[in-house]
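Only the coordinates and a few stated rules stand behind these numbers; no lab work does. Source: prediction; values computed, not measured. Reconstructed Cβ throughout: ideal geometry from the backbone, glycine too, with neighbour counts over all protein chains shown.
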Amino acid sequence: MTETVWRNKPYGLMIASQTFSSFADWMFLLSALTIAGVHLNASSIEMSLLMLAFILPQLLISPIAGSLSDRFDRKRVIILSNIGRSVVVLCVPFAVFSMWQLMIIMGLLSTFSSLFIPAKNGKLKEILSDDQLQQGVAISGMIDNASKVLGPSLSGFLLVLFSTQSLFLFISGSYVLSVLTLLFLNKSVPIEQTEEKPAVSFSQGFREIRAHTSIYTGLMVLATCMFFLQLVDSQLVIFLTQTMHSAEQTLGMAIAASGFGTLIAAFYLSKKPLVHFEKYQRVATGVLGCSFLFILVVSVLPEELMMVLIPICFLFGGGAFGCVLVSFQIYVQKTIPVKSTGRIFGAISSVTSGASIFGLLLGGVKAELFGVQFVYFVVGTALVLLSLDLFIKQRAVARRNRQNQTM
């Protein structure tokens, strides 16, 4: 199965292009945060607004970007996205002297990234056969998660060796390499053109998701997990600072362990046939909730044990979230027609971005009112209860289906 996927030349080109752009995205994010914190002396509120400027365009633009990728050649949409990001990054050393300018840059980069996501997913659907689809999507997820873990590390390493301006030139060049790789990719298959009004086209992805019960339920589970994760992640530094002295070291290990866990989950799903993605979501949601509850238990232990056990909790939590995310992506790719991939994945990106924004905004408020430990307890308990609710409902559906078959 692996040989078949890697013998697919268009897929190899697409993955190479995705690797360049994904690493560039995460390298830029760390570099931008470094500029904000070190060179511009940003406050906590300004840092939050900076992240909001990065996420908000994905909420608003993703459905439109998805519709565009279904109407036009997806290869050209991806190339436009990479060229746009390359130019935006190239402007940073010469045009950013204040926080509001950096926020505009982050918003522009996020806008072009919103074009890339649905077009990339649609292109994968085009170039992969049905028996290659699961492994191909899982490997694509592995690239995304590897870039989240290794991209910031590579950026930090290059910052030590070179100047900040040189780093942005390197990142811009990575987007250019992504474009050059795509030049060898075939054009997209002809896409059926419709005369839909813009408002109808904008909402089409949401309506198609709502009409498919399994995709709709899976998206709600994914969005709920994203919301709770942002509630917790936004307060992770404060939680570690309040509970231990070696907060910085533990923070780095926890983030790395979380990304590594997600990477393991994507690799596992690339090898094992996905039969019932609902089971993965149900079990993984419960494991994710338990990981946060165990973090609370671990926080009362001696600090030496905490430094070991907290990253382990994040390893399991990252793996659980990876199962929720990647299994859902695989199921959607297998279920929807190629002509709808752009608008459906655009709608999915919009919903998950909205969940992330609300989580970021509410995380600080809840922690300020009730305490960080209480937030972790609520998140862990809510996810475990969600897992139990999914188990009960899925058993009821299975029982009803068996009764219908016997009638």
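Taken about its Cα centre, segment 204-407 carries a charge dipole of roughly 1360 debye when the Cβ of each Lys and Arg holds +1 and the Cβ of each Asp and Glu holds -1.
For segment 239-365, the Cα-based Rg and Dmax, in that order, read 17.0, 56 Å. Counting only whole DSSP H helices of the chain, the ones at least 27 Å long by C-alpha along their axis and with mean Kyte-Doolittle hydropathy no lower than 1.0 are 44-71, 74-95, 164-182, 213-233, 277-298, 303-335, 341-370.
By other beta-carbon atoms within 10 Å, ranking LEU362, LEU128, LEU288 with the fewest at the front produces LEU362, LEU128, LEU288. Take every Cα pair under 8 Å whose residues are at least 6 apart in sequence, average their separation, divide by the length of segment 204-407, and the relative contact order is 38 percent.
This structure gives Kirkwood radius over Cα pairs in Å, computed directly, and of [x] 22.1; [y] 23.2; [z] 28.3 that value is listed as [x]. When CYS323, CYS290 are sorted by how many other C-beta atoms sit within 10 angstrom of their C-beta, beginning with the fewest, the order is CYS290, CYS323.
Find which of MET307, LEU158, SER81 sits farthest along the positive direction of the dipole of the chain, computed with +1 on the beta-carbon of Lys and Arg, -1 on that of Asp and Glu, about the Cα centre. My answer, from the dipole projection, is SER81.
For segment 79-184, what is one quarter of the convex hull surface built on the Cα atoms, given in nm²?
Averaged projected hull area, Cα only: 7.5 nm².
Residue order for MET47, MET103, fewest other beta carbons within 10 angstrom first, comes to MET47, MET103.
Using only Cα atoms, locate the centre of segment 213-273 and the centre of segment 116-184, then give the distance between them in Å, rounded to an integer. What the calculation gives is 20 Å, centre to centre. Site pair LEU309 and PHE72 shows an inter-label distance of 5.4 nm when each label is modelled 7 Å from Cα along Cα→Cβ. Dipole check for segment 1-180: with +1 at the C-beta of Lys and Arg, -1 at the C-beta of Asp and Glu, and the Cα centre as origin, the magnitude is about 300 Debye.
Distance between the 7 Å Cα→Cβ label points at ARG7 and VAL300: 5.9 nm. Any chance you could tell me what percent of the C-alpha pair distances in segment 1-180 go past 31 Å? Of the Cα pairs, 17 percent sit more than 31 Å apart.
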